[in-house]
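Before any comments, here is the structure.
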Amino acid sequence: MPIVVLKLPNVKRNREERPKKCPYCEGETFQRWGSVNKPVKDVSVRNVKVYRYCCCHCQRTFRHYPAGNTRADQTERLRLFVVLLWTLGLSYRASSWIMSGLKVRVSCMTIWRDVQEAAQQRQKRNQWKPVRVLGLDGAYVLGWGEKQPVLVAVDVGTGEPLAVGYINEYDPQAVRRWLEPLVQRHGITVLVTDDLFSYKIVAETLQLGHQVCQFHVRRWVAKALKDLQGTIPKEWSWVLEEVRQLIEVLPPDGSRSLYALWKQLPGRRSLPKQARSALEQLRNLLVRLHDHWQSYCAFHSEPEVPWTNNSTERAIGRMKMRARTVRGYKSWPGMQSGLMLAGSYAS
Ligand SMILES: [Zn+2]
């Protein structure tokens with residue numbers, strides 16, 4: 001986990017300098033048009049002085065706020081602070097209590113709105129950001145009564161979530177429909193996923209490079225080899241050792257070695273309805289590894305592609321940690337913004 005540097009924006013009581021441009025017409029000359037004392041919600045500032053100006057060019061008046069203030073009641077610093085409390089795992093109620101301990105009244109409803117707004121701002125910021133390598137993984141999060149399937153897309157370059165969809169990862173059509181606009185908007189060229197069948201289909205249809213997380217592959221291959229170890233005729237156990245080596249080293253031309261191994265095994269002897277013999281199971285394993293080998297080794301040819309889907313799993317871990325204290329999201333928009341914020345390193 002990187003060190004999170006907490007930098008809250010400064011809040012000024014006064015604005016010394018005059019406006020530079022009219023917000024309406026970009027005019028550059030103004031007349032001061034009085035001032036008001038505006039009460040604000042903040043941890044240390046209670047009032048700020050807001051000047052009104054009239055634009056000499058378009059004759060419209062506008063307010064010129066001191067740094068860290070907007071037309072909202074809360075200062076920017078306070079808003080960021082309550083969003084941070086929530087992101088760190090406090091409920092709306094607990095965040096509101098903490099604020100009242102600091103002598104600032106902020107309702108649960110306001111905090112909820114602040115969280116939604118912060119998530120929207122983040123989304124806006126991410127909207128056109130270039131992302132070359134995208135990590136994808138599914139998760140289940142409690143919402144409106146039961147666990148809901150979500151699909152999390154992470155910018156592997158930064159480890160920050162790019163989007164969260166209300167999508168079941170077992171449905172390749174739904175995954176593709178959701179992913180396609182993201183691919184176009186951000187210029188994604190490579191997917192990093194676990195080896196669920198639907199991701200392979202999606203990567204192929206969208207013509208994306210594909211790296212399958214090797215933690216997952218190692219886990220299931222190790223189990224398959226262990227099962228075969230007990231059942232296969234002794235004279236063939238050297239093949240298991242070869243496969244183990246290939247998965248360990250992941251050589252780029254491994255599919256050729258797998259094909260050579262496959263050719264040495266005896267062909268299929270069981271009838272279609274009979275159970276497969278151990279040797280036939282080994283043949284199938286070789287075929288499966290051979291067919292997927294390219295997506296195990298994409299990381300060799302592209303330095304930005306990791307060989308595991310670690311960063312996506314970490315982002316999902318942060319989302320789940322936050323979801324545990326939420327006691328269930330109430331709607332999809334609420335869940336979406338909640339997960340996006342919680343999955344990020346800092347607000
Ligand atoms: Zn103007």
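Of note:
- Inter-residue pairs, beta-carbon under 7 Å, first touching a residue at least 24 places away in the same chain (Cβ under 8 Å) and crowded, with 17+ Cβ neighbours inside 10 Å and in segment 175-191, second of a type in the set (S, T, N, Q) and in a strand (DSSP E or B), 6+ apart: Val190/Gln211
- Of all residues in segment 17-43 being of a type in the set (Gly, Ala, Ser) and assigned to a strand (DSSP E or B), the one that is nearest to the ligand (Cβ to nearest atom): Gly34
- Unique match (being under 22 Å from Ala323 (Cα atoms) and aromatic (Phe, Trp, Tyr)) among Tyr24, Tyr92, Tyr53: Tyr92
- Candidates Arg46, Arg13 - the one that is away from the ligand (no atom under 16 Å from the Cβ), touching a strand residue (DSSP E or B) at 6+ places or on another chain (Cβ under 6 Å) and charged (D, E, K, R): Arg13
- Residues of segment 81-102 that turn out to be part of a loop (DSSP other than H, G, I, E, B) and polar (S, T, N, Q), as a count: 1
- For segment 57-72, the set of residues classified as within 14 Å of the ligand (Cβ to nearest atom) and in a loop (DSSP other than H, G, I, E, B) consists of His57, Cys58, Gln59, Arg60, listed by residue number.
- Residue check for Arg122: away from the ligand (no atom under 16 Å from the Cβ) and within 30 Å of Gly338 (Cβ to Cβ): yes
- Qualifying residue in segment 89-102 (condition: under 30 Å from Pro306 (Cα atoms) and away from the ligand (no atom under 16 Å from the Cβ)): yes
- Taken over segment 288-303, the residue count meeting the criterion of being assigned to a helix (DSSP H, G or I) and farther than 17 Å from Arg244 by Cβ is 7.
- Filter result for the condition that a residue is surrounded by 15 or more Cβ atoms within 10 Å (Cβ to Cβ) and among the polar types (S, T, N, Q), over Gln229, Gln281, Gln264, Gln274: Gln281
- Sole residue being more than 42 Å from the chain's Cα centre (by Cα) and basic (Lys, Arg), chosen from Arg18, Arg60, Arg71, Arg46: Arg60
- Test result for Tyr166, among the hydroxyl-bearing types (Ser, Thr, Tyr) and closer than 17 Å to Leu341 by Cα: yes
Read-outs: derived from the displayed coordinates by stated rules, not from any lab. These numbers were taken from a predicted model, which means no experiment stands behind them. Neighbour counts run over all protein chains shown; Cβ positions are idealised from the backbone, glycine included.
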